[in-house]
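The values are calculated or read from the model by the stated rules, or taken from the named source; none is laboratory data. Computed from a prediction, not measured in an experiment: that's the story for all the values here. Here Cβ is always computed from backbone atoms with ideal geometry, including for glycine, and neighbour counts include all displayed protein chains. Each accessible area value is taken on the protein alone, full model and side chains, heavy atoms only, with ligands, DNA and RNA left out. Shrake-Rupley method; radii C 1.70, N 1.55, O 1.52, S 1.80 Å.
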Amino acid sequence: MASGAGSHAMYIKQYLPTASPAYQKPAETERDVLQVFSNFKDVRPKMDTYTFNDGSRKTLLCVDGTIPVYYKGMSYNIPICIWVMETHPYNPPLCFVKPTKDMLIKPSKYVDSNGKIYLPYLHDWKYPSSDLLGLIQVMSAVFGEFSPVFSRASQSNPPPRPGYQPGGQPPSQSPYPSGGYNMPMPMPPSTQPNYNPGYPSSTSFQPSSQYPASYPNTSYPSSQPPSYPYPPTQPPAGQVTSQPSYPNPNPATTDLPVGSGTKSNELSDDEIKASIRSAVEDKLKRRLKDTYDGIQAEMDSMTNTKDKLKSGQQQLEDMIGKLEAEQVDLEKNIQLLQQKDEEIRSALSKMDGQAQMDIDEAIVPTTPLYKQLLNLFAEEMTIEDTYYYLMEALRKNTIELEAFLKHVRELSRKQFLLRAHIQKVRQTAGLRDLVM
């Protein structure tokens, strides 16, 4: 199996760059396909041309072979092919059931009459949660419930020949539908010679994974014909099956899957129990895995929601703390505002009975030095106001520019002397120097 996987890897590395159009994500595509080969030994890669319904063609990688399916307690090999699109893994592949000469397609809600496969897994394909390995596992589970193929009617068996060996039938190649029959799979026409199907092999053929590593062409030679076991059933109503011509003219139907050489009633009880036990175990494992995956997804979602709630709780606690601190400050400011309001009301009530106050006499300095300082400040502020009105007069063209400059020079000289006098008075009064 390791040798076969190595040959597959060599083939993909050699021929994947020859795809037309080129694969957008060749590394991801190669990794996804090799994962299939490491789990399913009866599939193999090949580069082939796919013809779409509109007539366009693309050279794509095809995963071709059989997958195991458990149907009514028995294991069968169902032939499939998966066409990997150049946009893989972001878009789903095209999947088909490839019936052999002794098979007919059984249409259902998962497989149409042309063999194309329709699955919810393909419809809901989303990278990286979807991959080829998961797709084939879903196919195996679905085909175990709804078989995609059934057995053709065959001629009754002639008498056994002396010394006949089960592997003595002539070599052949499994025929696949070609595009000439409105089949969307671009498969080559059948080259298998007719041989008597009345002598089935006593054991199911297991396709060999040992084939040339160089892959000289897209076909895979085999020394014996692949026989794909599949579940027996009856063809749909109204469908006519063709019967090959044999010397024995008496037609008869068979209830045996292709590749089985004994009737089911010849199986021992232990074999039947082991088969049923294996089928039930696989089904339980699949259902447990699905249940576990669903519960795990719910737990991850709940954990994510829990983390978000914790983060939101911390933010709310911080906001509540800030609001409480602001409320305390607001209450202090309200109390201070009420206190000042009472003081203003008390002052206003005292001033109601008094006569009108002279503004010049409202402030009386305590010493002559402070009174001199007050008068100097008042005169200096007067000069500042004079500057303002002179600039307004110049802007409105009330005075000439020469007159404006003359007054400004005089006022500036006077303001300089006033500021120097103010600094000297402050030094005498023991006050700090004032930055003008």
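Quick notes on this one:
- Residue check, Glu326 within 60 Å of the chain's Cα centre (by Cα) and either over 30 Å from His421 (Cα atoms) or in contact (Cβ under 8 Å) with a residue 24 or more places away in the chain (or both): yes
- Scan of segment 250-285 for residues that are modelled with pLDDT under 90 and closer than 18 Å to Val138 by Cβ, ordered by number: Ala279, Asp282, Lys283
- Taking the numbered list (1) surrounded by 20 or more Cβ atoms within 10 Å (Cβ to Cβ); (2) within 16 Å of His88 (Cβ to Cβ); (3) touching a residue at least 24 places away in the same chain (Cβ under 8 Å) in turn, Cys62 passes all entries but (3).
- Those residues of segment 115-127 which are open to solvent by 20 Å² or more (accessible area, probe 1.4 Å) and assigned to a loop (DSSP other than H, G, I, E, B), in sequence order: Tyr118, Asp124, Trp125, Lys126, Tyr127
- Filtered residues of segment 344-374 (kept if in contact with a Lys or Arg (Cβ under 9 Å, 6 or more places away or on another chain) and open to solvent by 100 Å² or more (accessible area, probe 1.4 Å)): Val364
- Remark: pairs (first residue in segment 340-355, free of Cβ contacts under 8 Å to residues at least 12 places away in the same chain; second residue assigned to a helix (DSSP H, G or I) and open to solvent by 80 Å² or more (accessible area, probe 1.4 Å); Cβ separation under 7 Å; 6+ apart in sequence or on different chains) are absent.
- Only one entry in Lys72, Lys106, Lys41 is among the charged types (D, E, K, R), farther than 24 Å from Lys285 by Cα and in contact (Cβ under 8 Å) with a residue 40 or more places away in the chain, namely Lys106.
- Of the residues in segment 29-52, at least one is touching an Asp or Glu at 6+ places or on another chain (Cβ under 8 Å) and open to solvent by 20 Å² or more (accessible area, probe 1.4 Å).
- Residue that is modelled with the highest pLDDT [pool: residues in segment 131-151 that are part of a loop (DSSP other than H, G, I, E, B) and open to solvent by 10 Å² or more (accessible area, probe 1.4 Å)]: Asp131
- The listed residues are Thr382, Thr386, Thr398, and the only one of them that is among the β-branched types (Val, Ile, Thr), modelled with pLDDT of 90 or more, closer than 26 Å to Ala420 by Cα and open to solvent by 70 Å² or more (accessible area, probe 1.4 Å) turns out to be Thr382.
- Identity of the residue in segment 83-114, open to solvent by less than 10 Å² (accessible area, probe 1.4 Å), more than 22 Å from the chain's Cα centre (by Cα) and farther than 22 Å from Ala279 by Cβ, that ends up modelled with the highest pLDDT: Phe96
- If you go through segment 396-429 and keep only what is closer than 30 Å to Leu369 by Cβ and basic (Lys, Arg), you end up with Arg413, Lys414, Arg419, Lys424, Arg426.
- Residue within segment 122-129 that is hydrophobic (A, V, I, L, M, F, W, C), under 27 Å from Ser7 (Cα atoms) and at pLDDT 90 or above present: no
- Evaluating Thr428 against the criteria (1) open to solvent by 90 Å² or more (accessible area, probe 1.4 Å); (2) in a loop (DSSP other than H, G, I, E, B) leaves one unmet condition, (2).
- Lys285 falls short of the stated requirement of being exposed (fewer than 10 other Cβ atoms within 10 Å of the Cβ) and without any contact (Cβ under 8 Å) to a residue 60 or more places away in the chain.
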